[in-house]
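The values are calculated or read from the model by the stated rules, or taken from the named source; none is laboratory data. Just so it is clear, the structure is predicted and the values come from calculations on it, not from any experiment. In this analysis, Cβ positions are derived from the backbone assuming ideal geometry, glycine residues included, and neighbour counts consider all displayed protein chains.
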Amino acid sequence: MGARVRLARALGAWADKSLPEILAAPVDALKGVSERQGDLLKEAFGIKTAADLADLRYARWAQALAALDTSAK
C-alpha cells in the first residue's frame with residue numbers, strides 16, 4: 001500500500017489512470033514537471049511521454065552510478 005500512496009502523490013490528477021495510460025502520458029503528468037519543462041525535455045532529448053523519460057539513457061546511467069556509490073549511504 002505504501003508504494004500506491006507514494007505514486008498517487010507523484011501523479012496528482014493521473015493517479016486514477018491505468019499504468020499504460022500513465023506511461024503514455026506527457027511527462028508533465030508527473031507532479032513537479034511543468035509543461036515548459038516537458039517541452040524542454042522533448043527539445044533536448046526527444047522525450048514525449050513518461051515512458052520515454054523512464055527509458056532515458058542518461059537517467060539510467062545516473063541511477064547505475066548512484067546505486068554503485070556506497071560513500072553516500
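Within region 47-63, count every residue that is surrounded by fewer than 10 Cβ atoms within 10 Å (Cβ to Cβ) and not hydroxyl-bearing (S, T, Y).
Initial filter on region 47-63 (surrounded by fewer than 10 Cβ atoms within 10 Å (Cβ to Cβ)): 57-58.
Checking the rest, the ones that are also not hydroxyl-bearing (S, T, Y) come to 57.
So the count comes out to 1.
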Hey, A8 in a helix (DSSP H, G or I), over 11 Å from the mean Cα position of the chain (by Cα) and not polar (S, T, N, Q) or not: yes
Looking only at region 31-67, which residues are closer than 20 Å to R6 by Cα and in contact with a Gly (Cβ under 8 Å, 6 or more places away or on another chain)? K31
Between a residue in region 44-61 that is free of Cβ contacts under 8 Å to residues at least 12 places away in the same chain and any residue that is not in a loop (DSSP other than H, G, I, E, B), which pairs come within a Cβ distance under 9 Å, given they are 6 or more apart or on different chains? G46/D52; L56/L41; L56/F45; R57/F45; A59/L53; R60/A54
Of all residues being crowded, with 16+ Cβ neighbours inside 10 Å and not hydrophobic (A, V, I, L, M, F, W, C) in region 11-36, which is nearest to A51 (Cα to Cα)? Just the residue, please. P26
May I ask you to verify whether I22 is among the hydrophobic types (A, V, I, L, M, F, W, C) and part of a loop (DSSP other than H, G, I, E, B)? no
Could you tell me which residue of region 17-56 is nearest to the chain's Cα centre (by Cα), considering only residues that are among the basic types (K, R) and at pLDDT below 95? K31
